[in-house]
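Visitor: Starting off with a structure, shown below.
The values are calculated or read from the model by the stated rules, or taken from the named source; none is laboratory data. Note that the structure is a prediction, hence the values are computed from the model and not measured. Please note: Cβ atoms are built from the backbone with ideal geometry, for glycine as well, and neighbour counts cover all protein chains shown.
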Amino acid sequence: MGKLTTHVLDTATGQPAAGMSWILYRIDDPLTEVCRGRTNADGRNDGPVLEGAAFNCAIYEFHFDAGGYFRKRGVELTDPAFLDTVVIRFGIAQAQANYHVPLLVSPYGYSTYRGS
């Protein structure tokens with residue numbers, strides 16, 4: 001069985017984004033919240049986000065609270081913030097594969113890719 005993991009890097013400081021909240025949704029009608037969490041000191045979830053029976057082929061969205069993360073660190077953001085909630089929509093097509101969805105983020109930009 002596969003698993004889903006995430007990792008967040010604050011590219012403005014070059015450090016892991018510790019303490020960033022996230023919510024994972026499955027794309028249904030309406031969205032279904034699957035789970036939520038917060039990154040640890042290494043910018044990762046403490047364990048897999050999804051694994052075992054919870055790991056299913058579907059379309060998902062991660063909602064990362066980037067604005068909240070930067071505000072807690074004293075970063076002065078515009079009102080409204082250019083990036084507040086970063087949404088990454090992705091598909092899991094292989095039930096036996098591992099999916100890693102990293103987020104590289106700053107107050108004014110982000111990127112992601114399918115990691116291993």
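This table checks each residue for (1) modelled with pLDDT of 95 or more; (2) of a type outside the set (A, V, I, L, M).
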position: Ala53; (1), (2): no, no
position: Phe62; (1), (2): yes, yes
position: Gly68; (1), (2): yes, yes
position: Pro80; (1), (2): yes, yes
position: Ile88; (1), (2): yes, no
position: Ile92; (1), (2): yes, no
position: Gln96; (1), (2): no, yes
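Visitor: Only residues that are within 13 Å of Asp10 (Cα to Cα), part of a strand (DSSP E or B) and either over 15 Å from the mean Cα position of the chain (by Cα) or of a type in the set (A, V, I, L, M) (or both): list them for the range 87-116, please.
Guide: Of everything in the range 87-116, those that are within 13 Å of Asp10 (Cα to Cα), part of a strand (DSSP E or B) and either over 15 Å from the mean Cα position of the chain (by Cα) or of a type in the set (A, V, I, L, M) (or both) turn out to be Leu103, Leu104, Val105.
Visitor: Check Ile23, Ile27 and return the single one that is closer than 18 Å to Leu9 by Cα and touching an Asp or Glu at 6+ places or on another chain (Cβ under 7 Å).
Guide: Ile23
Visitor: Condition first: touching a residue at least 24 places away in the same chain (Cβ under 8 Å) and under 17 Å from Gly2 (Cα atoms). Now tell me which residues in the range 54-88 satisfy that.
Guide: Phe55, Asn56, Cys57, Ala58, Ile59, Tyr60
Visitor: Within the group Thr5, Thr32, which residue is buried (at least 16 other Cβ atoms within 10 Å of the Cβ) and among the β-branched types (Val, Ile, Thr)?
Guide: Just one listed residue meets the conditions, Thr5.
Visitor: Here is a further query. Could you please find all residues in the range 24-82 being assigned to a helix (DSSP H, G or I), small (Gly, Ala, Ser) and out of contact with any strand residue (DSSP E or B) (no Cβ under 6 Å at 6 or more places or on another chain)?
Guide: Matches in the range 24-82: Gly52, Ala53, Ala54, Gly67, Gly68.
Visitor: Now for a separate question. Give the number of residues within the range 22-46 that are among the small types (Gly, Ala, Ser), within 14 Å of Thr5 (Cβ to Cβ) and either at pLDDT below 95 or in contact with a Pro (Cβ under 8 Å, 6 or more places away or on another chain) (or both).
Guide: Summing the residues that are among the small types (Gly, Ala, Ser), within 14 Å of Thr5 (Cβ to Cβ) and either at pLDDT below 95 or in contact with a Pro (Cβ under 8 Å, 6 or more places away or on another chain) (or both) in the range 22-46 gives 1.
Visitor: For the range 44-53, does any single residue satisfy the condition of being of a type in the set (A, V, I, L, M, F, W, C), more than 20 Å from Arg114 (Cα to Cα) and out of contact with any Leu (no Cβ under 9 Å at 6 or more places or on another chain)?
Guide: Yes: one or more hits.
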